Structures are given as C-alpha cells and as structure tokens.
Amino acid sequence: MNTMKRLELRALSEQELTGVCTGLELKKFRAGQVFQWVQGKAVQTWEDMKNIPAQERLQLAEGLDFHPLELVREQRSHDGTRKYLFRLQDGDTIECVLMEYERKSARDRRTVCVSTQVGCAVGCAFCATGLGGFRRNLSPGEIVGQVLDITHHLRREDPEFNVTNIVFMGMGEPLLNYDSVIKSITLLNDAKGQNIGMRRMTISTSGVAPKIRQLARDNPQVGLAVSLHAATDEVRDALVPMNRRYPLKELMAACREYSDLTNRRLTFEVALTADTARRSQAEELAGLLKGQLGHVNLIPVNPVAETGMKRPLASELKTFAEVLVRSGLTVTVREERGTDIDAACGQLRRQWESES
Ligand code: SF4
C-alpha cells in the first residue's frame, strides 16, 4: 500500500509534482504533463489527462487529492458579470466573481475576484462576508481552483476562454492567509499554467501593516490595494475594525515602506456611504495621502440590507473626487458591476445559506 501523505494536486508546482513522480518511479516528464492538464487546461478529472497511461493515473490518484469545486449556483448580471457560489470538499461555500470588460484598443479583460478565506474575521461594517465570522483559511489549491473551475465552465461556451486578471478581493483578508495567497500567485503566473502576469494580479487588504511590510520585502510584483475607506482613526475604527490593531499612522508608515522598497504605486480604495462622502472627510484624506505614491479608487457602496448602509448621492461623490483631484491626487470611480445580482462580497453566500 502506498503510504505517501496525500497532497493537494492543484496546490503543487511542476517541481513539486516532479518529486511526486520520482517517488512513484514514474518518468519525470509526466510531472510537466500533469501540471499542464491541471493548471493550464483546467481539467476536472484524472480521465481527462489523455496522454497519461491509465495505470500511472491510478498511481497518482492514490497519492494526490484532486477535488474540483462543486458549482452550487451561478448568477448572471445584465452587464455580463457572473457570480459563482462553489462548495468546497468539507461542505463550506465560497463566492467568486467574473467581470468581463470589452475594450476597443486592447485585448478584452476578464477579471476573476477570488476568495482567500471561508468567512472573514475582520468584520468591516459594509461587508456581508464579515457578518458570518471567520471559518478557515483556503488552501492554495482552493484559491487557484476558483480560477481553474471558472475557466473550465466557460471553455464549454468558448474553448478560447482565458482569465486575464486576478483580484484577491473576494471573501476573506488575503494577507491573513499570506503563504497560501503567495503560492497561488506563483501557480497562476506559471507559463505552463494560466500564465497570468504578476502585474495583472492585485492583492486587496484591509490594512495588515506587518504583512504589507513582508510583501514589500518579498516583492512578488503584484499590485497592492489598501481598503482605506476613511482618513481618521475615529471613522476608520468603526468601518474597518483592523484599524484598531493597526491604526492609520502605522498603516501609512507600512504603505510608505512598501512604495519606497518596490517603487510601486498603491491603490487606496475608499468605499463611500451617504455618511462618509463628506467634504471634510475628503480634505482629511487629501492630507493623509500627501506625498504618498498611489492613487485613489472611490467606490460607492453596494447597499447590503443587513448593514443599512446607503449609497452617496452622485453630487456628493463628485464633490469628494474634486477635493482629492484639486490636492494633486489621481482619482478613479470604480465602475459598478453586477449590482442587480448582489455582487458585493458575501451576499450570494448569505442569501443561499438563508434558503438552505
Ligand atoms: S471587506 Fe474584506 S476584510 Fe472586510 S470583512 Fe469583508 S472580506 Fe473581510
């Protein structure tokens, strides 16, 4: 009997698979073939790996866990955004979202927003995921699996389908699952896998200052977005409880260290509600970001019934942006996607759990 510890197939690099093949006395080149089937072609069964002899597939299957995510529900927005609810092997569910952008002057962008944890311990005031608390971290294979399984499903409609961009902005705080996120980035970047450029991947954090510093040192060349949401500790404490652990002074020092070490521009995400889209808050924000390499992305909040948050008026949003631009900051307003399908993080999962 094979006593080898069962490893997660979708979490393995080609090099790690080579070690597995060597241990099973299989030819080394099988590792590259299996890696391509799993990470590149996004197959969901051993039987689909056509150039691997049946006996060798059995040997590999004995030592390796291979569990694609089960698609529980898919919602489609009129703007093309698709939201997926996947069930994991242990029965927990996670969400991810595919956003497609058609562009005239460049290749189309297909961005997947992936989850990194089941639930979340941070508990941001406007987020449906935080309401259910934290259950567990996702493994690298479960993170990569969201991209692979969306690719698998979409290739049935369009055999040429490829994901071009990744945002780690779904359920969970990515920097509290640092090692798995970094491993999944390496796998998604592999030329024999999904071959997604490092600069086409963005980690979004609620502000885990020590991990921002670590990311600066490791510098995997991915983008970093900081969910700032407010410019004073008083307001931010209430919106993003991570602020009580790493207040703005400490967070901004980590951000400065990040841009000094990597020479990369950060994105500062600012979700605006009817309560926070005030001129005084915009002025505080302009002061906080003075001299910082980065730009500001304003996001009018998606209404979540449980939190009672209201969207700001278009005129309030405009005034807020103007104050920032006048102070020399670059500002974008995030294009709203999938509002008709509750695409804000955690909403589909909560809706599904309340029905089941
Ligand atoms: S916004 Fe992100 S960090 Fe905040 S509670 Fe939701 S999932 Fe967690």
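The values are calculated or read from the model by the stated rules, or taken from the named source; none is laboratory data. Since this is a predicted model, take the numbers as computed values, not measurements. Cβ atoms come from the backbone with ideal geometry, glycine included; neighbour counts cover every protein chain shown. Keep in mind that these areas ignore ligands, DNA and RNA; they rest on the heavy atoms of the full protein, side chains included. Shrake-Rupley method; radii C 1.70, N 1.55, O 1.52, S 1.80 Å.
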Could you give every pair whose Cβ atoms fall below 6 Å, whose first residue belongs to segment 112-129 and is farther than 19 Å from Gly141 by Cβ, and whose second residue is more than 7 Å from the ligand (Cβ to nearest atom) and polar (S, T, N, Q), counting only separations of at least 6 or pairs across chains? Phe126/Thr307; Ala128/Gln347
So which residues in segment 33-65 are open to solvent by 10 Å² or more (accessible area, probe 1.4 Å) and in contact (Cβ under 8 Å) with a residue 24 or more places away in the chain, if there are any at all? Gln36, Gly40, Val43, Gln44, Glu56, Gln59, Glu62, Asp65
For segment 44-93, name all the residues that are over 21 Å from Glu142 (Cβ atoms) and more than 29 Å from the chain's Cα centre (by Cα). Glu47, Lys50, Asn51, Ile52, Pro53, Ala54, Gln55, Glu56, Arg57, Leu58, Gln59, Glu62
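Tally up the residues in segment 197-244 that are of a type in the set (Lys, Arg) and under 19 Å from Gln117 (Cβ atoms), please.
1
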Residue check: is Thr3 over 29 Å from the mean Cα position of the chain (by Cα) and at pLDDT below 95? yes
How many of the residues making up segment 95-116 are within 11 Å of the ligand (Cβ to nearest atom) and in contact with an Asp or Glu (Cβ under 8 Å, 6 or more places away or on another chain)? 2
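Determine which member of the set Ala282, Ala277, Ala286 is touching a helix residue (DSSP H, G or I) at 6+ places or on another chain (Cβ under 8 Å), among the aliphatic types (A, V, I, L, M), in a helix (DSSP H, G or I) and crowded, with 20+ Cβ neighbours inside 10 Å.
Values: Ala277 fails: in a helix (DSSP H, G or I); Ala286 fails: crowded, with 20+ Cβ neighbours inside 10 Å.
Among Ala282, Ala277, Ala286, only Ala282 is touching a helix residue (DSSP H, G or I) at 6+ places or on another chain (Cβ under 8 Å), among the aliphatic types (A, V, I, L, M), in a helix (DSSP H, G or I) and crowded, with 20+ Cβ neighbours inside 10 Å.
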What number of residues in segment 162-176 are surrounded by 24 or more Cβ atoms within 10 Å (Cβ to Cβ) and near the ligand (Cβ under 9 Å from one of its atoms)? 5
For segment 177-202, what are the residues that are among the small types (Gly, Ala, Ser) and open to solvent by 10 Å² or more (accessible area, probe 1.4 Å)? Ser180, Ala191, Gly193, Gly197
Condition broken by Asp233, with the remaining ones in (1) in contact (Cβ under 8 Å) with a residue 40 or more places away in the chain; (2) closer than 28 Å to Phe320 by Cα; (3) open to solvent by 10 Å² or more (accessible area, probe 1.4 Å) satisfied: (1)
Can you find a residue in segment 259-272 that is within 16 Å of the ligand (Cβ to nearest atom) and open to solvent by 20 Å² or more (accessible area, probe 1.4 Å)? yes
Does Asn219 satisfy the condition of being under 21 Å from the mean Cα position of the chain (by Cα) and in the same structural domain as Val333 (by TED's automatic domain parsing)? yes
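For segment 177-209, how many residues are within 16 Å of the ligand (Cβ to nearest atom) and either on the phi > 0 side of the Ramachandran plot or without any contact (Cβ under 8 Å) to a residue 60 or more places away in the chain (or both)? Lay out the reasoning, then the answer.
Step one: of segment 177-209, the residues within 16 Å of the ligand (Cβ to nearest atom) are 177-178, 180-181, 202-209.
Those left that are additionally either on the phi > 0 side of the Ramachandran plot or without any contact (Cβ under 8 Å) to a residue 60 or more places away in the chain (or both): 178, 203, 205, 207-209.
Going through segment 177-209 one residue at a time, the tally reaches 6.
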Residue under evaluation Glu100, criteria (1) touching a residue at least 60 places away in the same chain (Cβ under 8 Å); (2) in a strand (DSSP E or B), criterion not met: (1)
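Do the conditions hold for Cys127, that is, is it closer than 21 Å to Glu269 by Cβ and open to solvent by 20 Å² or more (accessible area, probe 1.4 Å)? Can you show your working first?
Values: closer than 21 Å to Glu269 by Cβ: yes; open to solvent by 20 Å² or more (accessible area, probe 1.4 Å): yes.
Yes: the conditions hold for Cys127.
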Flag if Val147 is at pLDDT 95 or above and in a helix (DSSP H, G or I): yes
So which residues in segment 117-144 are within 16 Å of the ligand (Cβ to nearest atom), farther than 13 Å from Phe86 by Cα and assigned to a loop (DSSP other than H, G, I, E, B), if there are any at all? Cys120, Ala121, Val122, Gly123, Cys124, Ala125, Phe126, Cys127, Gly132, Gly133
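For segment 150-161, what are the residues that are outside any helix (DSSP H, G or I) and open to solvent by 40 Å² or more (accessible area, probe 1.4 Å)? Outline the logic, then answer.
Quick first cut of segment 150-161, residues outside any helix (DSSP H, G or I) only: 158-161.
Scanning segment 150-161 gives Asp158, Pro159, Glu160.
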Tell me which of these Ala314 doesn't satisfy, since it passes every other one: (1) loosely packed, with under 13 Cβ neighbours inside 10 Å; (2) modelled with pLDDT of 90 or more. (2)
